[in-house]
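Any read-out appearing in this document is the output of simple, stated calculations on the displayed coordinates, not a laboratory observation. Here the structure is a predicted model, which is why all the values come from computation and not from measurement. Glycine gets a Cβ as well: all are built from the backbone with ideal geometry, and neighbour counts include every protein chain shown.
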Amino acid sequence: MTACTTLRIWTTATAMALTTPLTTAQSTLLVSTGLPQGTYASMFKDLSEVCGAAAGLALVEKPASGSNESIDRLLHNEVAAAFVQTDVLHARRTTEDLGRIRALVALHPEPVHLLALAAPLVEGGVLGIGGRNVVFNTLGDLGKRRVGAWGGGTVTARLVQLQAEIDYSVTEFNGPEDAMQALRSRRIDAVLAVGGAPLAWMAGLDRSVKLLSVPEPWASRLRHVYRPAKLSYSQLGAQGVATVATEAVLAVREVRSAAAAAPLLKLRACLQQQLDALRDTVGHHSAWAQVEAGAAPHWPVFERSAARATAQR
């Protein structure tokens, strides 16, 4: 064997050793979700289970307090993707530039859950005598009342307040536990929560709490941002309660390099190709059943063609 031949063999072997790890290594994607017991955290777990190894992706969760924090993380380049509500995106776009935020894929509808105590509120009177009973049944009953929310639901509460023209006050809490405690102690009159139904934290509620409906004319006033939806929670005795819903999206930041775009495109392709597995696997969140492959999100889309064009420059 000549020295030249030996050199060629060594060079080829070295090149293969150097390139092989790069082609087989997993791409790590940091994903902002939501509260630990929320819909986003549950769906992330399902997505990581199905699309992690299948797409060669290492999905790493970063819990968030809500959509506002997740959007901030995208803007500040702290995460590669985030589960967010589109109504929060639309609200923030009125005051800041969100041109770099794109929807990787449309997810499920996120119904507005309005909760109040089933027992009437007694107002006036002396020592409980001679007061009047106030009953909350619909969104329209909350005028001049106090509504608690958290995370992205705080933005939703204010948007609903503005568009439905109902003058309630909004109190922000850290999460559902704090808000429900305030509701039970009558420090607030209702709780507004947003998320893919069923909300896991509501499993422990009983019929001392009820769902309020969002009927006409308020539903029509909200139609520019929200769409009609129905809620059913058997433990509350609630079946087909009319409400409205925003849309969840898996959002990303617009990137310029092919290296940054590739894992995002892999994640989108896997989610769409494995949607039946995400829907049908026992134990996965039921919100997957409402995700439609190829559905157009109500927000500018992360374009595959744009990523290709950038890569060719």
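As a length-normalised measure over Cα pairs under 8 Å and 6 or more apart, the relative contact order of the chain settles at 25 percent. Taking 141, 46, 97 in turn, the Gaussian network model of the chain (Cα-Cα springs below 10 Å) assigns the largest fluctuation to 97. Peptides 202-213, 67-78 ranked from most to least packed give 67-78, 202-213, packing being the mean of other C-beta atoms within 10 angstrom over each peptide's residues. When only alpha carbons are used to place a centre, the range 33-49 and the range 189-210 end up 18 Å from one another. Net charge in the neighbourhood of residue 151 (other residues with Cβ under 15 Å of its Cβ; Lys, Arg +1, Asp, Glu -1) is -3. Note on the range 200-313: with charges restricted to the Cβ of Lys and Arg (+1) and Asp and Glu (-1), its dipole about the Cα centre is near 360 debye. Rounded if a/c is under 1.5, else prolate if a/b is larger than b/c, else oblate: which is the range 142-245, with a ≥ b ≥ c the root eigenvalues of its Cα gyration tensor? Taking the square roots of the gyration eigenvalues as a ≥ b ≥ c, the range 142-245 is oblate. Taken about its Cα centre, the chain carries a charge dipole of roughly 460 debye when the Cβ of each Lys and Arg holds +1 and the Cβ of each Asp and Glu holds -1. Think of it as helices only: each DSSP H run of n ≥ 4 in the chain is worth -39500 (n - 2.57), and spread over all residues that comes to -10500 deg cm²/dmol at 222 nm. Here the Karplus relation 6.51 cos²θ - 1.76 cosθ + 1.60, evaluated at θ = phi - 60°, turns the backbone of the range 287-294 into coupling constants of 5, 4, 5, 9, 8, 10, 4, x Hz, with x for every Gly and Pro.
About the centre of its Cα atoms, the range 243-295 shows a dipole size close to 280 debye [charges on the beta carbon of Lys, Arg (+1) and Asp, Glu (-1) only; nearest 20 debye]. Remark: the residue 298-residue 220 segment gains 26.2 nm on full extension, using 0.36 nm per residue and subtracting the alpha carbon distance.
Approximating the spin labels as points 7 Å out from Cα along Cα→Cβ, the residue 203-to-residue 123 distance works out to 3.7 nm. I'd like the orientation of helix 152-164 relative to the chain: the angle between its Cα long axis and the longest Cα principal axis, in ° from 0 to 90, rounded to 10. In the chain, helix 152-164 runs at an angle near 50 degrees to the longest axis. Compactness of the chain is given as radius of gyration and Dmax, 24.0, 108 Å, from Cα positions.
Here's how it looks for residue 122: its modeled amide H is under 5 Å from those of 134, which are all 5 or more places away or on a different chain. Electrostatic tally near residue 81: other residues with Cβ closer than 12 Å to its Cβ, Lys and Arg +1, Asp and Glu -1, net +4. In this structure, the amide hydrogen of residue 107, modeled 1.01 Å from its nitrogen in the peptide plane, lies closer than 5 angstrom to those of 248, 249, 250, counting only residues at least 5 positions away or on a different chain. With a Förster radius of 22 Å applied to the C-beta separation of residue 162 and residue 65, the computed FRET efficiency comes to 0.50. Annotation note: trypsin sites (Lys or Arg not before Pro) in the range 76-178 located in DSSP loop regions with a Cβ neighbour count of at most 16 within 10 Å are 100, 144.
Fully extending the segment from residue 232 to residue 184 would add 15.1 nm, taking 0.36 nm per residue of separation and subtracting the current Cα-Cα distance.
Net charge near residue 94: determine it from the other residues with C-beta under 13 Å of the C-beta of residue 94, scoring Lys and Arg +1 and Asp and Glu -1. Every neighbour counted, the sum reads 0. Volume per residue of the convex hull around the Cα atoms, evaluated for the range 35-157, comes out as 156 Å³.
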